[in-house]
Amino acid sequence: MKRTALIAGITGIGGNHVARELLANGWEVIGLSRRPPQDLPGVHHVAADLLDPTALFIALGSVTPTHVFITTWMRQDTEAENIRVNASLVRNLLDALSSKKSVRHVALVTGLKHYLGPFEAYASSGTLPDTPLRESQPRLPIENFYYAQEDEVYSAAKRDRFTWTVHRPHTIIGLAVGNAMNLGTTLAVYATICKETGRVFQFPGSEAQWNGLSDVTDARMLAKQLVWAADTDAARNEAFNIVNGDFFRWSWLWPKLAEWFVVQPGGFNGVIQSLEAAMANDHALWREIAQRHDLVESDLDRLASAWHTDLDLGRPLEVMTDMANSRRLGFSTYQATDMSFLDLFERLRTECLIP
């Protein structure tokens with residue numbers, strides 16, 4: 001049976017890798033974003049604004065996907081605005097497709113803020129969850145745009161009789177320029193600046209993160225789970241955590257990252273040191289580095305999201321993620337975390353994004 005995937009947010013860190021995985025498995029892939037992807041031959045692109053229901057309906061007029069992958073979101077100043085905007089983009093997309101009756105399955109990518117709380121209350125003392133984080137844990141008693149997005153999917157699924165899955169990655173490690181949450185590339189840019197200036201590659205986070213256990217999600221792992229769930233009947237109507245499958249401590253990983261860049265690592269020294277503050281005045285320096293090394297992106301803000309790295313590494317607890325729900329259904333893929341970072345660094349260098 002023909003399978004046609006519509007990926008909302010195909011230029012993002014998740015959508016790009018999902019597209020690659022689907023193409024490798026013989027799917028027809030349609031990408032929905034404001035700008036076309038530059039590195040995905042074989043993808044049919046549809047330009048549309050998810051917040052403009054009329055224009056979206058027109059843009060999708062001839063599109064009849066069997067599967068929809070929602071991998072995008074739009075950051076707002078408050079959680080109330082996050083809820084309004086990000087629930088709307090899910091609702092608008094599924095409403096635009098409703099009359100076609102072609103959609104059999106919808107996959108929604110959210111994240112661990114499902115358990116840790118929204119940005120306004122992120123991992124605060126009143127919302128610290130038990131770890132490892134499990135899909136069976138109840139929603140927090142606070143507003144969260146992930147919950148609003150899920151509810152839009154559940155409502156449309158009941159109306160249009162499609163199945164769904166929700167995928168909750170930890171911090172995603174992969175290549176995407178202009179991505180709002182990109183710890184891997186942020187650290188690569190930071191390490192490059194440290195090497196160029198002779199600064200210490202200083203860990204910016206908390207003692208709990210430096211010494212505690214953690215995990216991350218390789219974008220390739222996320223893509224493989226999304227495609228696995230789309231092809232697995234037993235996975236229907238389930239929520240799945242998705243991480244690499246190993247645990248690490250930043251006190252172990254940080255020196256490995258420093259070694260790759262040939263910089264001096266600095267560990268937790270008793271106080272959180274904001275990476276956003278450390279890089280606040282580096283925009284002109286990055287433009288100079290980019291010019292000198294013929295890099296393709298000179299805008300520091302399109303590569304580094306230090307604010308989000310500070311949130312991740314500044315958490316007051318260790319964060320590990322349980323994957324039993326997908327493991328028991330047969331998803332057995334594994335990725336070594338150190339290689340997630342080192343593979344990304346190699347690709348960033350190959351793509352002339354770092355020297």
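The values are calculated or read from the model by the stated rules, or taken from the named source; none is laboratory data. In this text the structure is predicted, and so the values were computed from the model without any measurement. Note that we place each Cβ from the backbone using ideal geometry, even for glycine, and neighbour counts take in every protein chain shown. Heavy atoms of the whole protein, side chains included, go into the accessibility calculation; ligands, DNA and RNA do not. Shrake-Rupley method; radii C 1.70, N 1.55, O 1.52, S 1.80 Å.
Computed values, structure above
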{"read-out": "Subset of segment 137-158 that is open to solvent by 70 Å² or more (accessible area, probe 1.4 Å) and part of a loop (DSSP other than H, G, I, E, B) - its residue that is farthest from Ser88 (Cα to Cα)", "value": "Pro138"}
{"read-out": "Tally of residues being open to solvent by less than 10 Å² (accessible area, probe 1.4 Å) and under 17 Å from the mean Cα position of the chain (by Cα) across segment 90-109", "value": "3"}
{"read-out": "Some residue of segment 86-96 being in contact (Cβ under 8 Å) with a residue 40 or more places away in the chain, part of a helix (DSSP H, G or I), farther than 18 Å from His167 by Cα and among the acidic types (Asp, Glu)", "value": "yes"}
{"read-out": "Complete set of residues in segment 245-259 that are in contact (Cβ under 8 Å) with a residue 40 or more places away in the chain, out of contact with any strand residue (DSSP E or B) (no Cβ under 8 Å at 6 or more places or on another chain) and either open to solvent by 50 Å² or more (accessible area, probe 1.4 Å) or not in a helix (DSSP H, G or I) (or both)", "value": "Gly245, Asp246, Lys256"}
{"read-out": "Residue that is nearest to Phe203 (Cα to Cα) [pool: residues in segment 268-297 that are open to solvent by 20 Å² or more (accessible area, probe 1.4 Å), touching a helix residue (DSSP H, G or I) at 6+ places or on another chain (Cβ under 6 Å) and part of a loop (DSSP other than H, G, I, E, B)]", "value": "Phe268"}
{"read-out": "Among (1) under 23 Å from Asn25 (Cα atoms); (2) buried (at least 19 other Cβ atoms within 10 Å of the Cβ) - the single one Asp231 does not satisfy", "value": "(2)"}
{"read-out": "Evaluation of Met181 against (1) closer than 20 Å to Leu94 by Cα; (2) open to solvent by 10 Å² or more (accessible area, probe 1.4 Å); (3) in contact with a strand residue (DSSP E or B) (Cβ under 8 Å, 6 or more places away or on another chain); (4) not charged (D, E, K, R) (one fails), failing number", "value": "(1)"}
{"read-out": "Any pair with Cβ under 8 angstrom, 6 or more apart, that starts in segment 191-205 at a residue that is within 15 Å of Asn281 (Cα to Cα) and ends at one that is open to solvent by 60 Å² or more (accessible area, probe 1.4 Å) and of a type in the set (Lys, Arg)", "value": "Ile193/Arg199"}
{"read-out": "Filter result (modelled with pLDDT of 95 or more and β-branched (Val, Ile, Thr)) within segment 1-45", "value": "Thr4, Ile7, Val18, Val29, Ile30"}
{"read-out": "Qualifying residue in segment 111-120 (condition: farther than 25 Å from Glu238 by Cβ and modelled with pLDDT under 95)", "value": "yes"}
{"read-out": "Single condition Ile172 does not satisfy, out of (1) surrounded by 15 or more Cβ atoms within 10 Å (Cβ to Cβ); (2) out of contact with any helix residue (DSSP H, G or I) (no Cβ under 6 Å at 6 or more places or on another chain)", "value": "(2)"}
{"read-out": "Residue within segment 280-289 that is closer than 25 Å to Pro316 by Cα and either without any contact (Cβ under 8 Å) to a residue 60 or more places away in the chain or of a type outside the set (D, E, K, R) (or both) present", "value": "yes"}
{"read-out": "Close pairs from segment 293-319: first in contact (Cβ under 8 Å) with a residue 60 or more places away in the chain and closer than 30 Å to Gly270 by Cα, partner assigned to a helix (DSSP H, G or I) and open to solvent by 10 Å² or more (accessible area, probe 1.4 Å), Cβ under 6 Å, at least 6 apart", "value": "Leu300/His283; Ala306/Glu276; Asp310/Glu276; Pro316/Ala208; Leu317/Ala208; Glu318/Ala208"}
{"read-out": "Positions within segment 20-56 being outside any helix (DSSP H, G or I), open to solvent by 60 Å² or more (accessible area, probe 1.4 Å) and aliphatic (A, V, I, L, M), in sequence order", "value": "Ala47, Leu51"}
{"read-out": "Qualifying residue in segment 308-321 (condition: in a loop (DSSP other than H, G, I, E, B), over 22 Å from the mean Cα position of the chain (by Cα) and more than 15 Å from Met221 (Cβ to Cβ))", "value": "no"}
{"read-out": "Members of segment 305-335 that are modelled with pLDDT of 95 or more, of a type in the set (A, V, I, L, M, F, W, C) and within 20 Å of Gly14 (Cβ to Cβ)", "value": "Met323, Phe331"}
{"read-out": "Segment 334-355: number of residues that are open to solvent by 70 Å² or more (accessible area, probe 1.4 Å), more than 14 Å from Trp254 (Cα to Cα) and not in a loop (DSSP other than H, G, I, E, B)", "value": "3"}
{"read-out": "Flag for Asp77 being over 30 Å from Leu213 (Cβ atoms) and either modelled with pLDDT under 95 or surrounded by fewer than 17 Cβ atoms within 10 Å (Cβ to Cβ) (or both)", "value": "yes"}
